[in-house]
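Just below is one structure, and these are the notes that go with it.
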Amino acid sequence: MDGIIPGLVAEHRKDLGRQLAGWRAAAGMTQAQLAKRICYSRSTLANAETGRDMSIRGFWCDADDVVGANGALLAAFDQVAALVRDFHEQRASARDRERRQRAARLIAPTVQGQPSAPAEPRRCQCEAVVVGRWTEREVRVLREALRMTVHDFAQRLGASDAAVSGWEHRRTPTPPKMAAQAVLDQTLALADTDTKARFLLILNTPDQHG
């Protein structure tokens, strides 16, 4: 099962990329031309077309509009994004079951020689992590939780390295605009449970970057 689901996700991502390449070709554009029109790097577009990176919803919305897909590309992206979310939720649920079973075996107390019912471990409440307003601290913490460099994080967001550095700079921070905050919201929402747990852990740790 674990091998089949990731394979299915990968195939859907590749199919999405092929659709993008097909619409781009039908519009008579090169990768460089389309990337320039939607204000993303050519490498981001190339990764999307090969299925290596789904990028963000804003990317597919802009690409759909420029190549004249009339919503087809955006709908396909939403389907794949839902599949990815389902996969992460199933994997997180399976890990949670394994942890509870392991805890029951290792720490179940005994009373008069009879094992008592193990206490229910507290579940991670990471699926609904939200940020009210993205400041330099939340942006940096999300990047660190994703284990990404500034460059890789910028690529994930479809932003420039300079923009991300500006958001994170502590002395003269440049707050992300509303569109960028929406992208950060989506990146956090699509993160897996472990990343969300790291995000909360780092965010609640006294800041050492001052």
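A few points about this structure:
- In the stretch 136-203, the inverse of the mean reciprocal separation of distinct Cα atoms equals 11.9 Å; this is its Kirkwood hydrodynamic radius.
- For the stretch 4-81, the Kirkwood hydrodynamic radius from C-alpha pairs, put into Stokes-Einstein at 37 °C and a viscosity of 0.692 mPa s, yields a diffusion coefficient of 271 µm² per second.
- Averaged over residues, the count of other Cβ atoms within 10 Å places the peptides 86-98, 65-77 in the sequence 65-77, 86-98, highest first.
Just so you know, all these numbers are worked out from the coordinates, no wet-lab data involved. Keep in mind it's a predicted model, so treat the numbers as computed, not measured. As a convention, Cβ positions derive from the backbone with ideal geometry for all residues, glycine included, and neighbour counts pool all protein chains shown.
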